[in-house]
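Novice: My questions will all concern the structure given below.
The values are calculated or read from the model by the stated rules, or taken from the named source; none is laboratory data. Keep in mind the model is a prediction, meaning the values are calculated, not measured. Note that we place each Cβ from the backbone using ideal geometry, even for glycine, and neighbour counts take in every protein chain shown. We work out accessible area using only protein heavy atoms, side chains counted, and drop any ligands, DNA or RNA first. Shrake-Rupley method; radii C 1.70, N 1.55, O 1.52, S 1.80 Å.
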Amino acid sequence: MKQILVVGEDSLTCALGASLVAELLPAWQMPLPPIDKKGVTKLIPELHRYIRQATEFRPVLCIADTDGQCVKELLDQWLPKHIPENFLLRLAVSEAESWLLADHEALANFLEISPARVPRTPDEIADPKRNLLNLARRSKNRVIRQEVVSRFDPEKQGSGYNQHFCHFVGTHWSAQRAASNSPSLKRSIVRITNLENALN
Amino acid sequence: MLITRLKLKNWRNFRDVDVKLGPRGYLIGANASGKSNFLDVFRFLRTIAQSEGGGLQKALKDRGGLGKLRSLHARKDPEVRIEIELSESASDAEATWRYILAFKSEGKGQQRVLITEESVYQQGKEILSRPRPEDKSDTARLTQTHLEQINNNELFRELGDYFAATTYLHLVPQLLKHNDEISGRIIENDPFGQGLLQRIAKTPAKTRKARLDRIQKALEIAVPQFSELEFEQDPITGSPHLKANFKHWRVHGSWQREDQFSDGTLRLLGLLWALQEGDGLLLLEEPELSLNDAITEHIPLIIDRVLRKRKSSRQVLISTHSDNLIAEVGDPQAILLLEPTGNGSTIRTPDEGEQNAIEHGLNPAEVLLPKTHPKQIDQMSLFG
């Protein structure tokens, strides 16, 4: 059985990576749970190790977000010139939260809000995380309201933010559905699906 | 000498394990997977082998009796068995020593714990095998090991001495700082480091100075503002103290005694002292506690470096939960992964796939620590 390692800059990108593999490469297996780098600053200096893993051992899917910067510039800055075809670094534009918003049906269901409130072009939103927090604040589910949004500052995430949204990604979110609203996700799906062909 | 292999049957939460050991061992596992129970075997053997106030019955009593020691998973076979091999080096084909001790409750009358087997092999040759005929006619003999009896252990006293030299360190800074207030009784062998100052005081002055100088150098790097470390005896009470100078806006800084040191400073100090004293096995329980991450990741290097400078090396077994510490372990095969199962915990080193992943770019923490995480931790049910 083919195996792939998922690396994410935080727990949410890890959850997205795991879901992408499960949905797009159903015959593949993840030998390890995704590696959570706990911050992009810890991911970048160690990218070379994951490139080595892909070159010498097994494919690697690495997920981070652009935080509003230009994708091409970031990739040029972070990656060496030659990377193996089984190493993928995919960047969510502009944040992982955009990909969550992109599956508006599932998100509205999960948060128990009206789907009309969820923006349709999430890649173009300047601050998708704030957008997601605003939606969570309107949730009809009390536990979500209390844990996803900070009690002290409604603009900030609460202590259960990652837990709830990782759970959402693992159980409700669909990459294929979300792709129709997010061009950055759509491109990533093509590349991940190609992995299957590239390695045959 | 070092312990190269340990086999356990019905020991606490290990129903049946067989582990090879090298000069360093890093034990990882979920909470309650048995890391401390594994280390406890060596403390148990130490108590048995101790010439003063030791012995099998004492070692059992310290642990609340056989009932608390025996694995809950031992259903049919009630016997507890320890088999341990020691060699001069980890690469020796044949163990220099092999010691086997098995015991169980006699199951009637006084319910004494009786030895069912005690054997010693030297270079594969049997030099002790019990029970002997006289043990059978006088079962009281089976309540004591020959290891603990000077009259009976002359052929393998070296083995007993090695067991007795084991040190266990789980320094609890508060016990050391507030020892007078809580009138802390120091438990035998001082597992919690309360008697650190007394041990430092008993060390010959020249050795003490050399060791403290080395510790000072390490602490200067690890602890901001730390500059000098000195030993002093209180002029009135005579009690031993450590004092350190912390640089600040005053020209000469300020001197502080150990009760004002931070928890992390004290733990690091205790660790560095322990590495420099004694010759037997050293057991370290979660050395990362109270320490900054940046220091934790250097623990494997600190241990190797301090021990390399000594004439005789020490074998070190470390229990840890620290991501940073495990990430820096050079030899993945030194990592022992404890995995709880429905039938007791198992212990293993990285398998081929894990070893390969580590050799090709990943670090041991990335590959192995996820296996110690509770499986359901990401589910929403945590704490209701």
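Novice: Magnitude of the Cβ-charge dipole of chain A, K/R +1 and D/E -1, about the Cα centre, nearest 20 debye?
Specialist: Roughly 280 debye for chain A.
Novice: Given a Förster radius of 51 Å and the C-beta distance between residue B:183 and residue A:44 as r, what FRET efficiency does 1/(1 + (r/R0)^6) yield to the nearest 0.05?
Specialist: According to the calculation, E is roughly 0.40.
Novice: Once phi is turned into θ = phi - 60°, what whole-Hz ³J(HN,Hα) does the Karplus curve with 6.51, -1.76 and 1.60 give for every residue of the range A:17-25, x standing for Gly and Pro?
Specialist: Karplus values, whole Hz, x for Gly and Pro: x, 4, 5, 4, 5, 4, 7, 9, 10.
Novice: What list of ³J(HN,Hα) values in whole Hz, one per residue of the range B:312-328 in order, does the Karplus curve 6.51 cos²θ - 1.76 cosθ + 1.60 (θ = phi - 60°) give from phi, with Gly and Pro shown as x?
Specialist: The phi angles translate into 10, 7, 10, 7, 10, 10, 10, 9, 7, 10, 7, 4, 4, 5, 5, 4, 9 Hz.
Novice: Loop only by DSSP, 14 or fewer other Cβ within 10 Å of the Cβ. Give me the GluC sites (Glu not before Pro) in the range A:144-200 that pass, ordered by residue number.
Specialist: Answer in residue order: A:155.
Novice: Can you list the equivalent-ellipsoid semi-axes of the range B:285-355, largest first and in whole Å, using the square root of 5 times each Cα gyration tensor eigenvalue?
Specialist: On the way: eigenvalues 115, 49, 32 Å².
Taking √(5λ) for each Cα gyration eigenvalue gives 24, 16, 13 Å.
Novice: Taking the Cα-to-Cβ direction at residue A:134 and at residue B:220 and moving 7 Å from each Cα, how far apart do the two end points lie in nm?
Specialist: 5.7 nm
Novice: Oh, and also: Using amide H atoms built in the peptide plane, which far-off residues or other-chain residues are under 5 Å from residue A:92 H to H?
Specialist: Under 5 Å from the amide H of residue A:92: A:64, A:65, A:66.
Novice: May I ask for the percentage of alpha-carbon pairs in the range B:168-311 that lie more than 27 Å from each other?
Specialist: In whole percent, the long-distance tail amounts to 17.
Novice: If Lys and Arg each add +1 and Asp and Glu each add -1, what is the summed charge of the other residues whose beta carbon sits under 14 Å from the beta carbon of residue A:105?
Specialist: Net charge around residue A:105: +1.
Novice: Still on this structure: Only helical DSSP H runs with n ≥ 4 go in: add -39500 (n - 2.57) per run for chain B, normalise by residue count and round the 222 nm mean residue ellipticity to 500 deg cm²/dmol.
Specialist: That comes out to -8000 deg cm²/dmol.
Novice: Right, here's the next one. Which shape class applies to the range B:70-164: rounded if a/c is under 1.5, otherwise prolate when a/b exceeds b/c and oblate if not, where a ≥ b ≥ c are the square roots of the Cα gyration tensor eigenvalues? Let's see the in-between values first.
Specialist: Working: a/c = 2.38, a/b = 1.48, b/c = 1.61.
Oblate.
Novice: Gain in length, residue B:339 to residue B:20, computed as 0.36 nm per residue apart minus the alpha-carbon separation, to one decimal in nm?
Specialist: Taking residue B:339 through residue B:20 to full extension adds about 113.2 nm, to one decimal.
Novice: Before we go on, tell me the buried accessible area for the A/B pair, both chains summed, 1.4 Å probe, in Å² to the nearest 100. Intermediate values should be presented prior to the final figure.
Specialist: Numbers: alone 10130 and 19300 Å², together 28130 Å².
Buried: approximately 1300 Å² between B and A.
Novice: As a test of the definition: which semi-axes, in Å, follow for the range B:321-364 when you take the square root of five times each eigenvalue of its alpha carbon gyration tensor? Largest first, please.
Specialist: For the range B:321-364, the semi-axes come out at 21, 13, 8 Å.
Novice: Now a separate question. I'd like the chymotrypsin sites (Phe, Trp or Tyr not before Pro) in the range A:92-200 restricted to DSSP loop residues with at most 11 other Cβ atoms within 10 Å, sorted by number.
Specialist: Within the range A:92-200, the qualifying chymotrypsin sites (Phe, Trp or Tyr not before Pro) (loop, at most 11 other Cβ atoms within 10 Å) are A:152.
Novice: Still on this model: Percent of accessible area on the range B:119-239 owned by carbon and sulfur, 1.4 Å probe?
Specialist: Details: 3480 of 6900 Å².
Looking at the range B:119-239 in its full context, I get 50 percent from C and S.
Novice: What's the FRET efficiency of residue A:117 with residue B:154 using the Cβ-Cβ distance as r and R₀ = 51 Å, to the nearest 0.05?
Specialist: Computed FRET efficiency for residue A:117 and residue B:154 comes out at 0.05.
Novice: Next question. Can you give me the accessible area per residue for chain B, using a 1.4 Å probe, in Å²?
Specialist: On a per-residue basis, chain B sits at 48 Å².
Novice: Moving on. Over the protein assembly as shown, one equal point on each Cα, no solvent: what is log10 I(q)/I(0) by the Debye formula at q = 0.07, 0.08, 0.11 Å⁻¹?
Specialist: The calculated log intensity ratios at q = 0.07, 0.08, 0.11 Å⁻¹ are -0.58, -0.73, -1.11.
Novice: Now for a different question. Counting other Cβ atoms within 10 Å, which trypsin sites (Lys or Arg not before Pro) in the range B:85-161 have at most 11 and lie in a DSSP loop? Each step should come with its number before you reach the end.
Specialist: Numbers: sites: B:98, B:104, B:108, B:112, B:125, B:136, B:141, B:157; in loops: B:108, B:112.
Answer in residue order: B:108.
Novice: HN-Hα J couplings of the range A:122-132 from phi, Karplus 6.51/-1.76/1.60, θ = phi - 60°, integer Hz, Gly and Pro as x?
Specialist: Going residue by residue, I get x, 5, 8, 6, 5, 10, x, 5, 5, 4, 5 Hz, with x marking Gly and Pro.
Novice: Could you give the length gained on full extension between residue B:359 and residue B:321, defined as 0.36 nm per residue of separation minus the Cα-Cα distance, in nm?
Specialist: Full extension from residue B:359 to residue B:321 adds 11.5 nm.
Novice: Label-point separation (nm) for residue B:208 and residue A:143, each offset 7 Å from Cα along Cα-to-Cβ?
Specialist: Distance between label points: 5.9 nm.
Novice: Between residue B:254 and residue B:127, what length in nm is gained on full extension when 0.36 nm per residue of separation is reduced by their alpha carbon distance?
Specialist: Gain on extension, residue B:254 to residue B:127, equals 39.7 nm.
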